[in-house]
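*Asks:* Dumping the structure here so I can ask a few things about it.
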Amino acid sequence: MTYALIDGNCFYCSCERVFRPSLKGKALISLSNNDGCVISRTDEAKALGIKMGQPWFEIKHLEEKGLIGLSSNFALYGDMSDRMMSIIGRFSPCQEIYSIDESFADFSGIAEDLTAYSQKIRAAVLRETGIPTCVGIGATKTLAKLANHIAKKQPSWSGVCDLTQLDRYQLADMMKNIEVGEVWGIGRRIARRLGELGIYTVFDLARMRPEAARAEFSVVVGKTIQELRGISRIDLEELPDPKKQIISSRSFGLPMTDRAGLQSALSEFVAIACNKLRQQNSVAASMQIFIRTSPFDKGKQYGNSRLVTPPCPSADNLVFTKYALRALETIWRPGIKYKKAGVMLMDISPADTVQGELFPVEPEHNNRAQLMVALDGINARYGRGSVKTGSIGFHDREHWYMRQELISQGYTTSWSEVLIARA
Ligand SMILES: [Mg+2]
């Protein structure tokens, strides 16, 4: 396998620069909800010593040195993300949107030189959205992530780092110069504990016995080591760090034209995303939904997205389902063959920091946290979807779950596909 990771450079700040070119070359930061702390920073801001997550009040005085702090505009970022992702989708039939500005693409089977191909992707994204990106390429997702890190840190790569082009000695040299904490899935805490074991660099980690890592840390760290050695082991779902965005999306097995099908699919995506949100004990202040055709479809192309913002941050399936379905009404068009849809929860914060509303707009929500606990409990015990929102429905979900493009009909296993003999 060959994976690519395409990542927007200081994405939120770059989105702002697209529409305000005067911000180019300036030390710029984007701030979280209520102008709390730094969630995106440009290289110029980094040069002022500003760290990710640093509170605004601590650095506000740097305005004298030219620092510009901006409140985050998730409607803008979500829309720019949607555009960027659909451009990248044109270059690979198999794309996994991992976060608001990162997407994995399967590069296996691309005959062209992969560096040249990646430069084409970067050029297309830059030309059509104004967002600068870097591309990392590797035999596993972990290596693609690492390659992306290298491409971003070392300008000599011109934005594309293909680790599959290196021999093992070159790769080892590279790994010796990168701290272990930069590896995907190795958080600060694990990095510190690894340091106590004398493991400081990516190279040290790659040499650790996976069995030992599994015993000492977790199954995921064991898999990470194998991934660093080029053995593909990690699914996207397995990484435990609390996410800043939660995405649930899917390509449909067959194109979908009817509104009811999309309503059902989006309702299910909302359920999956909100469940993940509750698992990490967070709430989201806004959500984007998107629907689009396949870039490989010869027919009419269409794609659109909408940002919705409930009255207060929430992790409630019913709240987000309601808003998702309303938003769908405004972007659904008849006669279009939709191939992909999804939801992205954004502006995520810990559930315990949320202020209650003084005058609840939707008072019935107040007791719904317990309903969600019950819902998650039942679904964990009896399987996902045992209890679900009505809008997910009961019709043939296989239709849009199916990923195999070339599969033959279920002549013998599905009543709707049984061959009909006409008398
Ligand atoms: Mg980025």
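The values are calculated or read from the model by the stated rules, or taken from the named source; none is laboratory data. A quick note: this is a predicted structure, and the numbers were derived from the prediction, not measured. For neighbour counting, all protein chains shown are included, and Cβ atoms are generated from backbone atoms with ideal geometry for every residue, glycine included. Heavy atoms of the whole protein, side chains included, go into the accessibility calculation; ligands, DNA and RNA do not. Shrake-Rupley method; radii C 1.70, N 1.55, O 1.52, S 1.80 Å.
*Asks:* Being more than 19 Å from the chain's Cα centre (by Cα) and part of a loop (DSSP other than H, G, I, E, B) is the requirement here; does Gly49 meet it?
*Replies:* Against the criterion (more than 19 Å from the chain's Cα centre (by Cα) and part of a loop (DSSP other than H, G, I, E, B)), Gly49 qualifies.
*Asks:* Right, another one. When the stretch 17-43 is examined, which residues are found to be within 16 Å of the ligand (Cβ to nearest atom), crowded, with 18+ Cβ neighbours inside 10 Å and without any contact (Cβ under 8 Å) to a residue 60 or more places away in the chain?
*Replies:* Of all residues in the stretch 17-43, those within 16 Å of the ligand (Cβ to nearest atom) come to 17-18, 28-30, 32, 38-43.
Adding the requirement that they be crowded, with 18+ Cβ neighbours inside 10 Å leaves 17, 28-30, 32, 38-42.
Within the stretch 17-43, Leu28, Ile29, Ser30, Val38, Ser40, Arg41, Thr42 qualify.
*Asks:* Would you point out the residue of the stretch 83-127, among those that are among the charged types (D, E, K, R), within 15 Å of the ligand (Cβ to nearest atom) and under 17 Å from the mean Cα position of the chain (by Cα), that is surrounded by the most Cβ atoms within 10 Å (Cβ to Cβ)?
*Replies:* To start, the set of residues in the stretch 83-127 that are among the charged types (D, E, K, R) comprises 83, 90, 96, 101-102, 106, 112-113, 120, 122, 127.
Restricting the remaining residues to those that are within 15 Å of the ligand (Cβ to nearest atom) gives 101-102, 122.
Next cut, under 17 Å from the mean Cα position of the chain (by Cα) only: 101-102.
Values: Asp101: 24, Glu102: 19.
Taking the candidates together, the pick is Asp101.
*Asks:* So which residues in the stretch 133-176 are closer than 15 Å to Gly8 by Cα, open to solvent by 50 Å² or more (accessible area, probe 1.4 Å) and either touching a strand residue (DSSP E or B) at 6+ places or on another chain (Cβ under 9 Å) or assigned to a strand (DSSP E or B) (or both), if there are any at all?
*Replies:* Within the stretch 133-176, Lys152 is the sole residue that qualifies.
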